[in-house]
Structure formats: structure tokens, C-alpha cells
Amino acid sequence: MNIGIVCYPTYGGSGVVATELAKGLANRGHNLHILSYARPARLDTLRTDITFHEVDLSSYPLFEYPPYDLALANKMVELIEYANLDVLHVHYAIPHATSAYLARQIVNENSCKVPVITTLHGTDITLVGSNPTYKKVVDFSINQSDGVTAVSEYLKQETYKLFDIKKEIKVIPNFIDLDRFKRSKKEHFKKAICPEGEKVITHVSNFREVKRVTDVVEAFAQLLKNGVPSKLLMVGDGPDRSKAEQKCRDLKVCEHVRFLGKQEQVEEVLSIADLFMIPSGSETFGLAALEAMSCSVPVISSNVGGLPEVNIDGETGYVCELGDVECMGRLATKILKDEKLHKKMSKAARKRAELFEIDKIVSIYEEYYLEVKANM
Ligand code: GMT
């Protein structure tokens, strides 16, 4: 098939899922076209079966805000017509699903019938989309898609709750490359960070408010107080980084915490981790948790959104009430003080990650494309 994928080019979340899906589909023999305003971070190798199309925003003095959605729709029309697309798959409802609707209206006049599939990832629904500023447009655009998928059961239910959706939403979870995200030997790195054999706790995110990075530091401080010699590695960067740094100073744990900034090879850091913390206030799936689990790292998460669908309480780690840092610190201590329990949870984490293996999930998307196309 000739498949168009529209996404944000971001380092994490939906941008990563969309780009990895494109690579997975190309590996299965399809021709992929990716549309975005910049080259996606994960589209890092030159391949003949994936073409990147940059959506160009020409500025004009009248436009205080250049209309990206229109430029995108125009690019979609070109692709549908000239690349002979079989499927147009947009990731994130705003504004991608809306631009796709417009593009399809334009090409329908030339009777090109290309199915539009929208994948909902999270904040497009839970935070931004339900805002009255966009709600009616999002409602309409989702209903106009020929196929709609969500990355977790939670997101599916939340979408039905927040919007007036008449379409059946299919849950297709996020996925993981088990060969890339596996534990590898990084003894020299571990020794440099933990010269006394301390435990390693990690957190990976874009440090947005919703990630509650200060909760990570609070739970970690508790772990130290409970007598577990450990180091905290904070990977990523974003608006709340200075709040997290301040929290370290307030709790006097700075010497045990390292802020590593954005890292391309997260799996290397995860390879020396003993525990992963993700205390988010909203998380439709939690790809970062899945990446950790794939590297055999047990997870302590909050109980919000899709996190409990990924991290199974008492099996692959523990799930605590949102904001309950005492619970997070206490259960982190429990895992790290009990070698047998840690080993059992590490194994279970990897085993659970295997259920989300990339090839399995990519073929579900492939079948879904064919099903939607056949029903048109
Ligand atoms: O979490 C982020 O800040 C990025 C965000 C996005 O929109 O790209 O990620 C969302 O999509 C990911 C991929 O499906 C999910 O794993 C994340 O849980 C989800 N983030 C939120 O719901 C906050």
C-alpha cells in the first residue's frame, strides 16, 4: 500500500509512535509518506521506502498565526493525488483530522476515495480537544474519519465521555522494539554513576507539569530516608525542570540526583536502572513506562489514565494514588530492599512488554487499514 502518515515531529509520545509505525510498515513492504512541519526526530536513517514531506508555512504580514492546518490540507491533497495514497493515517486529532477532512472534501470532487484513519494519543483529547475552543471541530473531525483508533481502553472511554462520537473506536496499544529496548551491559556507566553500588532510579519525560517531576524527587528522598543508598537519573527536559531542581535543593538530595537532559539512547540509561518512576497526573498510555519495562525495569506509577493497563499493580511494579509520594517511596523501598521481589518484577516487566512487540501491533494496524478500506 501507499500510506500517508501525519504526525508531530516530537521526540516523545505520538511523534515517536507514528514514526516507528511508519518504519514498521515500510519493513513489511509498504511505501510510506510522512507529513509534518519538521523531520521527525526518530526518522534518522535514509531509506528509499519512506519519503518525508515537509509542510511549508510561508509567512505573510497579515498572518499573525500562519494557517498550518490549511498548508497541511494542501499537502495532503497533493499526496493523495500524486502518490496515489491507499490510506491517510493521522496521529493526533488537532488539527490533523480536520485537515484530512478538508483534503478529502477537495479530492472527492475528483472522486479519489482515500480512507482517513485518526489515531488519538492523549492530550489531543484529554486536555486540548475538550476545551470549548476546539471541541466542536474535534467532535466533527473524528466523526468524519473512516477509522478511529485510541492507544488505550482508558482513552477510548474518555473520548466517548468527552465527545459526541458515533464511530466505533478501536483500541490499538502502543508498541515497543524489544531488540532495541533490552537490558545491555553498561557496567562502566553504572560504576561511574554509582561507585558504591547504589541503586538507580530513573524518570524519563518532557518535564511538562502533567509529568509531576517534583513527585519523583519527593518519592526518591523518601527512599533515601528509608535507608536505600540510591541515585536518581532524570532524563529529558522541559518547563518544570527548575522546579525539580529546586525540590532537590529543598530536600537536600542534590548530590544523589543527576539531570541528564534529553537523551537519544534512552535504552542505555534504562539498562542500568533498578526502578522507573512515572507519577503523571494524566497519561493515556505511558510509552516511557513500556520502554523501561522492556529493559526489565519495574515501574512505580500513578493510577491515572492508561498507566494501570501497562504497569500491572503488584506484578510489574506498583501503582499508587495520584500524588501519594509516601506510597511511591514506600513501595520503591519494598522492591529495592527485597532482591527476590525485584528479580521477579523485573522478569514480569519484560514479559509484559513482550505483549506489545512492534511487529504484532504493526500488523494489527495493517489489518485495520484493509478493513476500513474494504468497508468504504
Ligand atoms: O506525554 C506527552 O507529553 C506527549 C504526548 C503526545 O501527545 O505525544 O504523549 C501522549 O501520547 C503517547 C503516545 O501514544 C502516550 O504514550 C502518552 O501517555 C500520551 N501523553 C499523555 O497522555 C499526557
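With 290, 223 as the choices, which residue is surrounded by 20 or more Cβ atoms within 10 Å (Cβ to Cβ), within 16 Å of the ligand (Cβ to nearest atom) and not aromatic (Phe, Trp, Tyr)? Give the derivation first.
On the way: 223 fails: within 16 Å of the ligand (Cβ to nearest atom).
Exactly one residue qualifies, and that residue is 290.
Residues that are among the hydrophobic types (A, V, I, L, M, F, W, C) and open to solvent by less than 40 Å² (accessible area, probe 1.4 Å): list the strands (runs of 3 or more DSSP E) wholly contained in region 49-120 that include at least 2 such residues. Break it down stepwise before answering.
Values: elements: 50-54, 87-91, 116-120.
It comes to 87-91, 116-120.
Out of the residues in region 1-15 that are more than 7 Å from the ligand (Cβ to nearest atom) and outside any loop (DSSP other than H, G, I, E, B), state the one that is most open to solvent (accessible area, probe 1.4 Å).
If we filter region 1-15 for residues that are more than 7 Å from the ligand (Cβ to nearest atom), which is where we start, we get 1-7, 9, 11.
Still in the list and also outside any loop (DSSP other than H, G, I, E, B): 2-6.
Details: 2: 37, 3: 0, 4: 0, 5: 0, 6: 0 Å².
Among those that are more than 7 Å from the ligand (Cβ to nearest atom) and outside any loop (DSSP other than H, G, I, E, B), it is 2.
Restricting the search to region 237-264, which residues are in a loop (DSSP other than H, G, I, E, B), surrounded by 18 or more Cβ atoms within 10 Å (Cβ to Cβ) and not β-branched (Val, Ile, Thr)? Before you say what the answer is, go through the steps one by one.
Within region 237-264, the subset in a loop (DSSP other than H, G, I, E, B) is 237-240, 252-253, 262-264.
The next check asks that each one be surrounded by 18 or more Cβ atoms within 10 Å (Cβ to Cβ); those that pass are 240, 253.
Of everything in region 237-264, just one residue is in a loop (DSSP other than H, G, I, E, B), surrounded by 18 or more Cβ atoms within 10 Å (Cβ to Cβ) and not β-branched (Val, Ile, Thr), namely 240.
Give the residues of region 135-169 that are surrounded by fewer than 22 Cβ atoms within 10 Å (Cβ to Cβ), more than 16 Å from the ligand (Cβ to nearest atom) and within 22 Å of residue 366 (Cα to Cα), sorted by residue number.
Selection gives 143, 144, 146, 167, 168.
Suppose we filter region 265-286 for residues that are in contact (Cβ under 8 Å) with a residue 60 or more places away in the chain and either assigned to a loop (DSSP other than H, G, I, E, B) or surrounded by fewer than 24 Cβ atoms within 10 Å (Cβ to Cβ) (or both); how many remain?
Residues that pass the stated criteria total 15.
Can you find, within region 266-280, the residue that is farthest from residue 336 (Cα to Cα) among those that are out of contact with any Gly (no Cβ under 8 Å at 6 or more places or on another chain) and small (Gly, Ala, Ser)?
Restricting to residues being out of contact with any Gly (no Cβ under 8 Å at 6 or more places or on another chain) and small (Gly, Ala, Ser), the top hit is 271.
Can you tell me which residues in region 85-109 are away from the ligand (no atom under 14 Å from the Cβ), of a type outside the set (A, V, I, L, M) and either touching a helix residue (DSSP H, G or I) at 6+ places or on another chain (Cβ under 7 Å) or modelled with pLDDT of 90 or more (or both)?
86, 98, 99, 101, 104, 105
The values are calculated or read from the model by the stated rules, or taken from the named source; none is laboratory data. Computed from a prediction, not measured in an experiment: that's the story for all the values here. Methodologically, a virtual Cβ is constructed for each residue, glycine included, from the backbone with ideal geometry; neighbour enumeration extends over all protein chains shown. Accessible surface is based on the protein model in full, side chains and every heavy atom, while ligands, DNA and RNA are left aside. Shrake-Rupley method; radii C 1.70, N 1.55, O 1.52, S 1.80 Å.
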